1. Using each residue's phi in the stretch 17-33, evaluate 6.51 cos²θ - 1.76 cosθ + 1.60 at θ = phi - 60° and report the 3J(HN,Hα) Karplus result to the nearest Hz, with x for Gly and Pro.
2. With a point put 7 Å past each Cα toward its Cβ, work out how far residue 30 is from residue 68 in nm, to one decimal.
3. Explain nothing, just compute: Karplus ³J(HN,Hα) = 6.51 cos²θ - 1.76 cosθ + 1.60, θ = phi - 60°, for every residue of the stretch 6-12 in order, whole Hz, x for Gly and Pro.
4. For residue 22 and residue 59, compute 0.36 nm times the residue count separating them, minus their Cα-Cα distance, and round to one decimal in nm.
5. Is it possible to state the helix-based mean residue ellipticity at 222 nm for the chain, with each DSSP H run of 4+ residues giving -39500 (n - 2.57), the sum divided by total residues, to the nearest 500 deg cm²/dmol? What is it?
6. With the full set of protein chains in place, find how many percent of the accessible area of the chain is carbon and sulfur; take the probe as 1.4 Å.
7. I'd like the orientation of helix 40-72 relative to the chain: the angle between its Cα long axis and the longest Cα principal axis, in ° from 0 to 90, rounded to 10.
8. Which option, (i) 5.3; (ii) 4.6; (iii) 5.7, is the value of mean projected area of the Cα convex hull in nm² that was calculated from these coordinates?
Amino acid sequence: MKLEIIEPAIKSCFAEIHAKLRAAEQIAKAATACAEAGGVVEAVRVSMDIEQLIYEAGRLHDAATLLVRLADD
């Protein structure tokens, strides 16, 4: 597979990874604010959405690396 064909998909994967990690960062900031205000239990509840975002970012990264490997063949 030619890299120039799959390059837009790889770029799209990285854009999505960036968006998901930014969302995770915002959640982490909110959780930190809750914890610093004394709401540790609430902070943990707020932070629960981070896990899914990180999982999805990881799968997108897997997809990007697979596409590059396919291009090398």
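The values are calculated or read from the model by the stated rules, or taken from the named source; none is laboratory data. Computed from a prediction, not measured in an experiment: that's the story for all the values here. Note that each Cβ is placed from the backbone with ideal geometry, even for glycine, and that neighbours are counted across all protein chains shown. Ligands, DNA and RNA are stripped out before the accessible areas are found, and what is left, the full protein with its side chains, is counted by its heavy atoms. Shrake-Rupley method; radii C 1.70, N 1.55, O 1.52, S 1.80 Å.
1. 4, 4, 4, 5, 6, 5, 4, 5, 4, 5, 5, 4, 5, 5, 5, 4, 4
2. 3.3 nm
3. Karplus values, whole Hz, x for Gly and Pro: 9, 4, x, 5, 5, 4, 5.
4. Taking residue 22 through residue 59 to full extension adds about 11.7 nm, to one decimal.
5. -33500 deg cm²/dmol
6. The nonpolar share, carbon plus sulfur, comes to 62 percent.
7. 10 degrees
8. Label of the calculated value: (ii).
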